[in-house]
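Before any comments, here is the structure.
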């Protein structure tokens, strides 16, 4: 028996950003005409993933950043229409139970936080407090995207980013990486202004010749 190796076209990876974007727009239009509860839940489900799969270059203009922030605020408003019980249905808490050991948020800390809310009443203007302590990977990525956008907007105005502010207040040294036209990279200590050569580690399976 002779085996023949057949070469095929590489499988194209789905463009999840475009898929979630299109799904969110469809659900948004559906909710305008028929804003039933299930449609709103689907709208939020796709909206959060739409933001989470958005890839940013770090060179966005103020107008571009402002548009994204406006969309994030709209999705947060839509989430605020839900009750905590409904949010648990759309974005269940991650099954992580070791928060006490690592001094971090987990399933138990999230359930304790939710006890402060009326489970069958809309979240309303407490949306930021809830999302900050809500242990679900999708909602946490969503919050991280919002913080990143707000930080970039501050930097456009010439102010330190949010993480830079936090580092400065807590005495943490920060660095900024630069790339010259030649491709050489270096980092600068933001506190002292000193530059340090930056070398990428060569994988063990590669050898210089």
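The values are calculated or read from the model by the stated rules, or taken from the named source; none is laboratory data. Owing to the predicted nature of the structure, the values given are computational and were not obtained by experimental measurement. Please note: Cβ atoms are built from the backbone with ideal geometry, for glycine as well, and neighbour counts cover all protein chains shown.
Does region 29-36 contain at least one residue that is surrounded by 15 or more Cβ atoms within 10 Å (Cβ to Cβ) and modelled with pLDDT under 95?
Yes, the conditions are met somewhere in region 29-36.
Does region 9-24 hold any residues that are outside any loop (DSSP other than H, G, I, E, B) and farther than 11 Å from residue 51 by Cα, and which are they?
Scanning region 9-24 gives 19, 22, 23.
Table: residues versus (1) part of a loop (DSSP other than H, G, I, E, B); (2) under 22 Å from residue 139 (Cα atoms); (3) in contact with a helix residue (DSSP H, G or I) (Cβ under 8 Å, 6 or more places away or on another chain); (4) without any contact (Cβ under 8 Å) to a residue 12 or more places away in the chain.
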{"residue": "26", "(1), (2), (3), (4)": "no, yes, no, yes"}
{"residue": "35", "(1), (2), (3), (4)": "yes, no, no, yes"}
{"residue": "39", "(1), (2), (3), (4)": "no, yes, yes, no"}
{"residue": "47", "(1), (2), (3), (4)": "no, yes, yes, no"}
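Just checking, how many residues over region 58-84 are part of a helix (DSSP H, G or I) and touching a helix residue (DSSP H, G or I) at 6+ places or on another chain (Cβ under 9 Å)?
Number satisfying all stated conditions: 16.
Test residue 153 against the stated conditions and say whether it is modelled with pLDDT of 80 or more, loosely packed, with under 13 Cβ neighbours inside 10 Å and within 30 Å of residue 17 (Cα to Cα).
Here the answer is no, as residue 153 does not meet what is asked.
Would you please name the residue that is surrounded by the fewest Cβ atoms within 10 Å (Cβ to Cβ), looking only at residues in region 100-136 that are assigned to a helix (DSSP H, G or I), in contact with a helix residue (DSSP H, G or I) (Cβ under 7 Å, 6 or more places away or on another chain) and without any contact (Cβ under 8 Å) to a residue 40 or more places away in the chain?
132
Which residue, of 149, 71, is touching a residue at least 40 places away in the same chain (Cβ under 8 Å) and at negative phi?
Answer to the check: 149.
Does residue 97 satisfy being closer than 25 Å to residue 20 by Cα and assigned to a loop (DSSP other than H, G, I, E, B)?
no
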